[in-house]
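Peer 1: Sharing a structure, written as structure tokens. Questions coming.
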Amino acid sequence: MMVIRDLAQRDKEDYIAMAEEFYSSPAVLSPIPRGYIERAFDETVSGSPYAKALVAESGGKAVGYALLALTYSQEAGGRVVWIDEVYVRPEARGLGAGRALIKETLARYPAARCRLELEPDNDGARRLYERLGFNPLPYVQMYRENKKSDE
């Protein structure tokens, strides 16, 4: 049975391992420093109003996670949940963990809009997201990094 629950302090080792697996996969552009993963974990378990995370558990073992950012958008007309990452370990794929993580996100964090992103060639994720009602946005995203160069 798949259980979806909040990320907890006891999940630190599993979360870091899964995030490192995610950032070593073709689902992302490039790896990130372990320190970023550790800070994300600390932020989510600290009770931050901006960062949340859910864990998918099967048979008492963590098999996936969703990392969320909560914000507000005038364009969307209200709160926005940004599903920053969804990762399911290979051995748990096809068991409904990804779907359960997203559905639980939508149930726990009602918002005017829910956004996510994916690599263009990640067809499996695209199919899942489309089945759950997600549509492509015609935007080009841009970003600017404001980080220390020593990380």
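Taken together, the values in this text are just the output of simple stated rules run on the coordinates, not laboratory data. Note that the structure is a prediction, hence the values are computed from the model and not measured. Here the Cβ is made from the backbone with ideal geometry for all residues, glycine too, and neighbour counts use every protein chain on show.
Peer 1: Helix-only estimate, please: 222 nm mean residue ellipticity of the chain, summing -39500 (n - 2.57) across DSSP H runs of length 4 or more and dividing by its residues, to the nearest 500. All intermediate terms of the calculation are to be shown ahead of the outcome.
Peer 2: Numbers: 4 runs with 44 residues, N = 151.
Calculated from helices alone, the mean residue ellipticity at 222 nm is -9000 deg cm²/dmol.
Peer 1: Another question, if that's okay. At a 10 angstrom cut-off on C-beta neighbours, averaged per residue, how do the peptides 85-96, 107-118, 61-72 rank from highest to lowest?
Peer 2: Ranked from most to least packed, the peptides come out as 61-72, 85-96, 107-118.
Peer 1: If you don't mind, another one. Taking 8 Å as the Cα distance limit and 6 or more residues as the minimum spacing, I'd like the relative contact order of the chain as a percentage.
Peer 2: Relative contact order of the chain: 21 percent.
Peer 1: Which of the lysines could be linked to Lys147 by a straight reach, that is with a Cα gap under 24 Å, when you skip same-chain ones fewer than 8 residues away?
Peer 2: List returned: Lys12, Lys52.
Peer 1: From the phi angles alone, apply the Karplus equation (6.51, -1.76, 1.60; θ = phi - 60°) to the range 46-51 and give each ³J(HN,Hα) in whole Hz, x where the residue is Gly or Pro.
Peer 2: Using θ = phi - 60°, the values come out as 7, x, 3, x, 9, 10 Hz.
Peer 1: Then there's this: Could you list which residues have their amide H under 5 Å from that of Arg89, counting only those 5 or more apart in sequence or on another chain, with H placed in the peptide plane?
Peer 2: Gly64
Peer 1: Explain nothing, just the number: relative contact order of the range 1-77, from Cα pairs under 8 Å at least 6 residues apart, as a whole percent. Please report the intermediate quantities before stating the final value.
Peer 2: Numbers: 86 pairs, mean separation 27.5, N = 77.
Normalised by residue count, the contact order of the range 1-77 is 36 percent.
Peer 1: Find the centroid of the Cα atoms in the range 101-128 and in the range 1-56, then give the distance between the two in whole Å.
Peer 2: Their Cα centres are 16 Å away from one another.
Peer 1: Still on this model: If you take Kirkwood radius over Cα pairs in Å from the coordinates, which of (1) 16.2; (2) 16.8; (3) 15.0 do you get?
Peer 2: After the calculation, the listed value that fits is (1).
Peer 1: Okay, next question. Suppose every K and R has +1 on its Cβ and every D and E has -1 on its Cβ; what is the size of the dipole of the range 29-120 about the Cα centre, in Debye to the nearest 20?
Peer 2: Dipole about the Cα centre, nearest 20: 240 debye.
Peer 1: A further question follows. Of Gly94, Tyr109, Ala40, which is farthest along the charge dipole of the chain in the positive direction, counting Lys and Arg as +1 and Asp and Glu as -1 at C-beta?
Peer 2: It is Tyr109, whose Cα lies furthest towards the positive end.
Peer 1: So how much slack lies between Lys147 and Ala112, counting 0.36 nm per residue of separation and subtracting their Cα-Cα distance, in nm?
Peer 2: 9.6 nm
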